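So the structure is just underneath, and the comments pick up after that.
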Amino acid sequence: MMLTLKELAQLCDAEIQDEHSSLEISAAADIMNAEVSQVTVLSNAKYTKYLANTKASACFISSKFSTEGAPEGLVFLSCDDPEISFLKAVNVLHPTPEITRSISKQSAIADNVTLGKNINIGAFSTIDEHSSIGDETEIYPSVHIGRNVSVGKNCRIYPNVVIYDNTQLGNNVIIHSGAIIAADGFGYKYRNNQHVKVPHVGNVIIADHVEIGANTCIDRGALGSTTIGAGSKIDNLVQLGHNNQVGRNVIICGQVGISGSCTIGDGAVLAGGVGVADHVNIGQQAVLMARSGIASDIKAGSQMFGSPAKDKKVVWRELVALSKLPELFKKFKDLESRLQKLEN
């Protein structure tokens, strides 16, 4: 798509000088790789060094960044939040391709399924009885939706997703390829030298504006529900155990594993590779740093690191102390040698 800078500025809450308003922009790119007729962004001081050599025609920037050394002819789009303005530009300049909405003759849909308006159902997708699909929802090829599943409006479900029985999806939910929603939880009782399976007859409830990454697994509740709060975002390759209660606007990054019956407060962040034991409560706005192991409750607003996790400042002090051990050991050996000589 081609837009003038004036049009782009209006759409992205930015301002430009009038003499540059007719300059045409065709695409968005990062500041290191942008070319002529593309727009970029400078929102972090560590990228200032790339400003002098950028080939971009325009750049979103805030007043706190200096434009000294910028190439002649580079036009600046002044805005309060360059990152958000740039994201708007990306969406405008690189729109999602429109698909021809239809219900494929190669799909298998039970007779009593309720279908909304203007939906798309791809080839080889199956929808079992008593389920419902909301208006404007897109279901890509090879998706399986079980019995009594409710899918809200304007959802997007990518290929090879499996949604088990009784799942509830809100509006504007995105589920990426390979995700499994509402499989049985991992629950067993050891009796008479064998593992007895715990039945899981609950479900999964996913609120509005949730996004779930590729190959992520969310287990159904054993008796009640596993719930994901509105606005939460779950990355690829995440394991979310049975009966977890995830709050609103939570971020769960790739390869996180959360055992059963945990509660995660609103706005919490679980960085990549975090492991959480069962029945743990994580407070609102808590941040669990990458590869942390969580075995006990975490207070709201805490920033934790390590395994077992501790306050990040404590851990960093410990790491600094450990880094000095070789030097201290050498000093100790020198002192030991000197003392031996004195004793002799």
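Brief remarks on what is shown
- Residues of segment 174-200 classified as touching a Lys or Arg at 6+ places or on another chain (Cβ under 8 Å) and under 24 Å from Val143 (Cβ atoms), total: 7
- Inter-residue pairs, beta-carbon under 7 Å, first basic (Lys, Arg) and in segment 54-66, second part of a strand (DSSP E or B) and crowded, with 16+ Cβ neighbours inside 10 Å, 6+ apart: none
- Considering segment 203-273, the qualifying strands (runs of 3 or more DSSP E), each wholly inside and each with 2 or more residues that are in contact with a strand residue (DSSP E or B) (Cβ under 8 Å, 6 or more places away or on another chain) and within 23 Å of Gly301 (Cβ to Cβ), run over 225-228.
- Annotation note: of Ser43, Ser37, Ser85, the sole residue that is more than 27 Å from the chain's Cα centre (by Cα) and under 29 Å from Pro97 (Cα atoms) is Ser37.
- Sole exception among (1) more than 17 Å from Met2 (Cα to Cα); (2) under 29 Å from the mean Cα position of the chain (by Cα); (3) not aliphatic (A, V, I, L, M) for Ser63, by number: (2)
So that you can scan it fast, the table gives a plain yes or no per residue for (1) surrounded by 14 or more Cβ atoms within 10 Å (Cβ to Cβ); (2) closer than 30 Å to Ile175 by Cα:
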site	(1), (2)
Leu240	yes, yes
Ala268	yes, yes
Gln284	yes, yes
Gly293	yes, yes
Phe305	yes, yes
Ala309	yes, no
Val315	yes, no
Asp334	no, no
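- The set of residues from segment 29-83 being loosely packed, with under 15 Cβ neighbours inside 10 Å and aliphatic (A, V, I, L, M) comprises Met32, Val36, Ala45, Ala52.
- For beta carbons closer than 9 Å, sequence separation of 6+ or different chains, a first residue in segment 93-105 that is touching a residue at least 40 places away in the same chain (Cβ under 8 Å) and a second that is part of a loop (DSSP other than H, G, I, E, B), the qualifying pairs are Leu93/Met1; Leu93/Met2; Leu93/Ser26; His94/Met1; Pro95/Met1.
- Any chance Ala182 is of a type outside the set (S, T, N, Q) and surrounded by fewer than 21 Cβ atoms within 10 Å (Cβ to Cβ): no
- In segment 161-179, the qualifying residues are those that are among the polar types (S, T, N, Q) and in a loop (DSSP other than H, G, I, E, B), and the one that is surrounded by the fewest Cβ atoms within 10 Å (Cβ to Cβ) is Ser177.
- Among the residues of segment 308-327, at least one is acidic (Asp, Glu) and either under 22 Å from the mean Cα position of the chain (by Cα) or under 22 Å from Gly257 (Cα atoms) (or both).
- Search result, residues across segment 15-30 that are modelled with pLDDT of 95 or more and either assigned to a helix (DSSP H, G or I) or not charged (D, E, K, R) (or both): Ile25, Ser26, Ala27, Ala28, Ala29
- Segment 94-123: number of residues that are surrounded by 15 or more Cβ atoms within 10 Å (Cβ to Cβ) and either within 26 Å of the chain's Cα centre (by Cα) or assigned to a loop (DSSP other than H, G, I, E, B) (or both): 8
- Condition met for Ala300 (within 15 Å of the chain's Cα centre (by Cα), over 22 Å from Asn203 (Cβ atoms) and either of a type outside the set (A, V, I, L, M, F, W, C) or not in a strand (DSSP E or B) (or both)): no
The values are calculated or read from the model by the stated rules, or taken from the named source; none is laboratory data. Here the structure is a predicted model, which means the values were calculated and not measured. Quick reminder, even Gly has a Cβ in these numbers, built from the backbone with ideal geometry, and neighbours come from all protein chains shown.
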